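Each remark here refers to the structure printed beneath this line.
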Amino acid sequence: MKKLTLLKQTLFLLLSLFFSVVATPLPEIAEAMPTLVSSRQQYNPQLNDLLHQARELVDAGDYQGAVAVYEEAAKLEQGNPKIFSGIGYLQASLGKFQEAAAAYKKAIALQPENPNFHYALGYSLANAGDNAGAATAYRRATRLNRDNINAYFGLAITLLRQKDYQRAIETYEKILEIEPDNLTVYQLIGAAWLEQENSEEAIKVFQKAAEIAPNETRIQLSLGTAWLIHGDEMAGLAAFEKAVKLAPRNPEIHLQIGQILESRGNLSKALKAFRRAASAKPDLVEAQEYIGKILLAQEQYVPAVVTYRRLIELAPKNAQAHYNLGVALKKRSRVTEALTAIEKALELYQSQRDNEGIEQTESLLKQLQEFL
């Protein structure tokens, strides 16, 4: 169970990239906004006045007002796709993605071969939760402009959300054809393989990335994670140790090394790793939790008390921290202090409706009350 938890923790660090790195942007505002000159042959002063007014509102940050003015302009010139594109851009910027998608669809109906319109439609649909529709739009954008990396990223993330990992990998490989040394893409491909429980392929991908950038800490961290999931803890530890040498003050690396050592029962070395993590980032709650846990297991109750008091400062509603503090204090025969800590733990467990925590805390509370 301990090892399974560790695998989930390390895998999560990789999979979190799916939803952060690939957050694709909207097209540049200059591309989205219509020009002042009407698309009609004849000059239309009323239309251009509206476009000028809308642009001033955009520059002033009044996007809602600009949308209203552009909608008036669209009534005067319904065949201008840039006006609808401008409306779509502003609606998306306001977080109104359904409205943005509707506007971009109107722009596409007027100019179906514009890749930026399809890309922006994909962006809007993806943010509106329509991943299938977004994938279709992004795919169309890549066909119209095969060098649009953001469109490939957008397509891949929508495929991942639909758990279509193989097609997502194929899409990322398209990016590598354009940018062969894109390390982020290698990480995402590796993570997609891991999500399919294919650690062997993931390791190959991360090793390739390590060849490209042997001194890149995040690649060694990813490689170590893949080795760990593959079941080769020694190889995983070796990769993490290399990552430590590359970034000795990175707390997450020390934390993961500590987790590996702790899972293998090497508590002394694990404790050193967790302390290095806490030294690099004093407010790292997880490091303090592991330090306290190991100190209790080693019956080092005085430093355990110090650790849990520090942990409670960082996470005052951590019921387990209060409980463990009470345990350490009880072992030192500091009954009154232990009673206070356990009563606080019980209060927190009750507020969290943690029945297991309530049961263990009430049991210890009865033991302490017998000493009074």
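Per-structure values
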item: For segment 190-287, radius of gyration divided by Kirkwood radius, i.e. Rg to Rh on alpha-carbons; result: 0.99
item: Mean Cβ neighbour count within 10 Å, used as a protection proxy, ranking 320-326, 219-225, 309-315 highest first; result: 219-225, 320-326, 309-315
item: Largest-first principal axis extents of the Cα set of the chain (Å); result: 95, 48, 32
item: Peptides ranked, highest mean first, by Cβ atoms within 10 Å: ranges 158-167, 290-299, 357-366, 80-89; result: 80-89, 290-299, 158-167, 357-366
item: Relative contact order (%) - the chain, alpha-carbon pairs under 8 angstrom, separation at least six; result: 9 percent
item: Segment 98-183 - percent relative contact order, Cα under 8 Å, separation 6 or more; result: 21 percent
item: Volume per residue of the C-alpha convex hull in segment 225-372, rounded to whole Å³; result: 112 Å³
item: Burial ranking of peptide ranges 117-123, 59-65 (average Cβ count within 10 Å, highest at the top); result: 117-123, 59-65
item: Exposure proxy order (Cβ contacts within 10 Å, fewest to most) of 340, 142; result: 340, 142
item: Percentage relative contact order, segment 254-372, counting C-alpha pairs under 8 Å, at least six apart; result: 15 percent
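Bear in mind that the values in this text are calculations on the coordinates, not laboratory data. Note that this is a predicted model, so its numbers are computed, not measured. So basically every Cβ, Gly included, is an ideal-geometry build from the backbone, and we count neighbours across all protein chains shown.
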